[in-house]
Amino acid sequence: MPRPKAFDREDILEKAMRLFWQKGFHGTSVQDLVDHLGINRSTMYASFGDKNQLFLDSLKYYRSRQKEVMKETIGKKASFRSFLDSFLKDTIEEILTDPDRKGCFIVNASVDRAAEDPQACSELQHNLREFTDTFSHLMNVAKEDKEIAPHTDTEKMAQFLYNTISGMRVLGRTNPPRHVLENIREVTLQTILKGGN
């Protein structure tokens with residue numbers, strides 16, 4: 001009978017994700033991980049590989065969590081407008097209520113790792129595709145329901161939204177006043193609902 005693992009993999013990934021999110025890839029040492037995760041080096045290497053692989057696994061874990069939150073939020077809203085408005089407002093609240101101003105793990109990873117790690121870059125590109133595919137689909141449905149302008153290029157608009165959210169997350173690290181983020185929310189909402197005009 002195999003010996004059961006002395007730790008919960010999801011719990012380890014949660015802790016690793018939060019540490020990488022807080023300190024960044026380069027700011028996190030292997031010793032930091034060992035101390036924070038509560039496992040020894042040999043167990044970490046045997047179960048998760050090296051520091052780079054643990055970072056990639058943490059990134060995938062974060063993405064899977066975000067997808068679940070997105071699905072749940074979509075299911076609660078009766079219209080695309082209400083969903084989009086809620087999505088933007090939730091983003092603002094997350095930014096303003098984070099005492100550490102750590103930004104978004106995905107955005108931070110894009111700055112920290114994409115240029116030097118092809119695997120991280122591939123994972124981040126996959127995240128972009130999933131986000132834009134999801135929102136493009138939602139916008140196509142919204143066009144059929146006459147919630148947004150019929151001429152809307154939904155793929156371009158979804159890419160615009162991704163870039164806007166990423167920019168808000170970066171701006172959030174500078175502790176901006178609420179009204180600045182609210183102005184961005186209002187312009188984004190108007191732009192998408194009007195199809196860019």
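The values are calculated or read from the model by the stated rules, or taken from the named source; none is laboratory data. Please read all numbers here as calculations on a predicted model, not as lab measurements. Cβ atoms come from the backbone with ideal geometry, glycine included; neighbour counts cover every protein chain shown.
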When you check residue 135 against the structure, is it in contact with a Phe, Trp or Tyr (Cβ under 6 Å, 6 or more places away or on another chain), assigned to a helix (DSSP H, G or I), surrounded by 13 or more Cβ atoms within 10 Å (Cβ to Cβ) and in contact (Cβ under 8 Å) with a residue 12 or more places away in the chain, yes or no?
no
What is the number of the single condition among (1) under 24 Å from residue 164 (Cβ atoms); (2) not in a helix (DSSP H, G or I) that residue 90 does not meet?
(2)
Sole exception among (1) at pLDDT below 95; (2) loosely packed, with under 13 Cβ neighbours inside 10 Å; (3) closer than 18 Å to residue 84 by Cα for residue 163, by number:
(1)
Condition met for residue 84 (assigned by TED's automatic domain parsing to the domain that holds residue 139, surrounded by 15 or more Cβ atoms within 10 Å (Cβ to Cβ) and in a helix (DSSP H, G or I)):
yes
Hey, does the stretch 86-102 have a residue that's of a type in the set (Lys, Arg), over 30 Å from residue 140 (Cβ atoms) and under 13 Å from the mean Cα position of the chain (by Cα)?
yes
What do you reckon, is residue 63 surrounded by 13 or more Cβ atoms within 10 Å (Cβ to Cβ) and farther than 20 Å from residue 18 by Cβ?
no
Say we look at the stretch 103-127 and pick out the residues that are over 15 Å from residue 25 (Cα atoms) and surrounded by fewer than 17 Cβ atoms within 10 Å (Cβ to Cβ); which of these is farthest from the chain's Cα centre (by Cα)?
122
Among the numbered criteria (1) closer than 30 Å to residue 186 by Cβ; (2) without any contact (Cβ under 8 Å) to a residue 60 or more places away in the chain, which one does residue 95 miss?
(2)
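Conditions (1) of a type in the set (D, E, K, R); (2) over 21 Å from residue 195 (Cβ atoms); (3) in contact (Cβ under 8 Å) with a residue 60 or more places away in the chain, marked per residue:
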| position | (1), (2), (3) |
| --- | --- |
| 142 | no, no, yes |
| 157 | no, no, no |
| 160 | no, no, no |
| 167 | no, no, no |
| 173 | yes, yes, yes |
| 178 | yes, yes, yes |
Need pairs with beta-carbon distance below 7 Å; first residue assigned to a helix (DSSP H, G or I) and within the stretch 15-37, second small (Gly, Ala, Ser); sequence gap 6+ or separate chains.
16/58; 17/58; 20/58; 33/16; 37/16
Can you find, within the stretch 167-181, the residue that is farthest from residue 146 (Cα to Cα) among those that are in contact with a helix residue (DSSP H, G or I) (Cβ under 7 Å, 6 or more places away or on another chain) and surrounded by fewer than 18 Cβ atoms within 10 Å (Cβ to Cβ)?
170
Tally, over the stretch 38-52, of residues that are loosely packed, with under 13 Cβ neighbours inside 10 Å and in a helix (DSSP H, G or I)
3
For the structure I just gave you, tell me whether residue 13 is in the same structural domain as residue 147 (by TED's automatic domain parsing) and crowded, with 18+ Cβ neighbours inside 10 Å.
no
